[in-house]
Amino acid sequence: METFKYSRAQDVSQAVQAGAQSATSQQGAQVRFVAGGTTLLDLMKLNVERPAQVVDINRLPLDKVEKLPDGRLKIGALVRNSDLARDSAVQSDYAVLSQALLSGASAQLRNMATTGGNLLQRTRCMYFRSTETACNKREPGSGCSAIEGENRTLAILGTSSSCIATNPSDMNVALTALEATIHIQGTKGEREVAIQDFFLLPGNTPHRETVMEPGDLITFVTLPAPRPGTKSVYLKLRDRASYEFALSSAAVVAEVADGKFRRVRIAMGGVGTKPWRSLEAEKALEGKKVDPAVFREAAHAALRDAKPQSQNGFKVELAKRCLTHALTLATQSA
Ligand SMILES: Cc1cc2nc3c(=O)[nH]c(=O)nc-3n(C[C@H](O)[C@H](O)[C@H](O)COP(=O)(O)OP(=O)(O)OC[C@H]3O[C@@H](n4cnc5c(N)ncnc54)[C@H](O)[C@@H]3O)c2cc1C
Ligand code: SF4
């Protein structure tokens, strides 16, 4: 790891001012915030991230989960993944989020990992994590080693000729199905970004993963008030039962009445270059009967635009089965 300047932010505006000294907040940023450090420090040890300055944000008062008067849930950016998964409001009203968090990493990592850090965790594409190989995300313009290389675990939706890396987070998939809002404090004040607009497709600029700008600090995330009669489920399929990223996952948030889907939100993980909301699957389900044939139709719709690579064609059927089974679980007692 190269030498870097370390400081502790005492308040939000001090952190924002420090971050604003960087020319970018994306790959290659000169200033980085550190929260749990479980992504950043790994990448610094690998020389993939080489910030000149690291600003520790752990003292900021952003570690609470609160119910707002209008029924929304406010989650501080520094709430640890383990605390969020165990929160009673999350367990009762947003089960999909608790299940997604508990399916990720290990207990020790979840005790360190934060809401803000999890949102911004980086891809596990092996070429991104090795400075020996070409990677457009790590070194813009250098090429993509995965397209003709090891791509079994990589994306089949939202890919480009520049990058096919997946967003690896489980939490982000649940937040997408829950239609979370990301609250950001930047140099020009506060702003809110719907999670659907927060992550960017790789296109020709895979090093640019989100709408974050220099100085931007995620302060909290809000979830809409829970809707009565809604059930939610997260299902994750992977090579081994723990300590492994998703090959395919599905988050379902479904409101069923009189045996029909009244409202449903679908997101998938392990298959997209960003946490993948499937409007196609939602359209195929809304107003329809709770029925296995309808689930299968929705799963076909979700994967219609899939573009598999040389080693990950199996993901198309896997993702369909994953979504079909998640829909079965979410509607079992409905
Ligand atoms: C062995 C291993 C297995 C794992 N398995 C899984 C898994 O199965 N599923 C899964 O979802 N994840 C998994 N993870 C990833 C883990 O969930 C993330 O590393 C973690 O959530 C990152 O959170 P952090 O607080 O440690 O982030 P940090 O490392 O502190 O930060 C990550 C990035 O976010 C930025 N950042 C952090 N907080 C803020 C903020 N408030 N505002 C602006 N920028 C911010 C940092 O500058 C940095 O760029 C695994 C990680 C490891 C090491
Ligand atoms: S898939 Fe993306 S992250 Fe992986 S080598 Fe290609 S450009 Fe890099």
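Enumerate the helices in the chain for which the Kyte-Doolittle hydropathy averages 1.6 or more and the C-alpha atoms extend at least 30 Å along the helix's axis, using complete DSSP H runs.
The qualifying helices: there are none.
Using a 1.4 Å probe on the protein heavy atoms, what percent of the accessible area of the chain belongs to carbon and sulfur?
49 percent
If you take the alpha carbon radius of gyration of segment 230-331 and divide it by 2.2 N^0.38 Å, what ratio comes out, to two decimals?
1.03
As an exercise, take the mean of 1/r over every pair of distinct alpha carbons in the chain, invert it, and state the Kirkwood radius in angstroms.
20.2 Å
Around ARG263, which amide H atoms from residues at least 5 apart in sequence, or from another chain, sit under 5 Å from its own amide H, with H modelled in the peptide plane?
Long-range HN contacts for ARG263: GLU255.
Roughly speaking, what % of Cα-Cα pairs in segment 114-260 are separated by over 23 Å, rounded to a whole number? Intermediate results must be reported in sequence, preceding the final value.
On the way: 4915 of 10731 pairs.
Tail fraction, whole percent: 46.
Rounded, prolate or oblate: which fits segment 136-220 when a ≥ b ≥ c are the square roots of the eigenvalues of the alpha-carbon gyration tensor, with rounded for a/c under 1.5 and prolate only if a/b beats b/c?
The shape class here is oblate.
Per residue, how big is the convex hull of segment 1-133 when only Cα atoms are used? Give it in Å³.
Cα-based convex hull of segment 1-133, divided per residue, equals 123 Å³.
Mean separation of Cα pairs under 8 Å and 6+ residues apart, divided by the residue count of the chain: what relative contact order is that in percent?
After rounding, I find 18 percent.
Take every DSSP beta bridge whose two residues both sit in segment 230-331, then give the antiparallel share in percent to the nearest 5.
Restricted to segment 230-331, the bridges split so that about 100 percent are antiparallel.
Please report how far the C-alpha centroid of segment 274-334 lies from that of segment 139-183, rounded to the nearest whole angstrom.
18 Å
Relative contact order for segment 230-331: what is it in percent, counting Cα pairs under 8 Å that are at least 6 residues apart? Present the calculation step by step, with values, prior to reporting the outcome.
Details: 191 pairs, mean separation 28.4, N = 102.
Normalised by residue count, the contact order of segment 230-331 is 28 percent.
Hey, what number do you get for the chain at 222 nm if only DSSP H runs of n ≥ 4 count, each worth -39500 (n - 2.57), divided across all residues, to the nearest 500?
The per-residue figure over the chain is -7500 deg cm²/dmol.
The values are calculated or read from the model by the stated rules, or taken from the named source; none is laboratory data. These numbers were taken from a predicted model, which means no experiment stands behind them. Please note that ligands, DNA and RNA were not included when accessible areas were found on the heavy atoms of the full protein model with its side chains. Shrake-Rupley method; radii C 1.70, N 1.55, O 1.52, S 1.80 Å.
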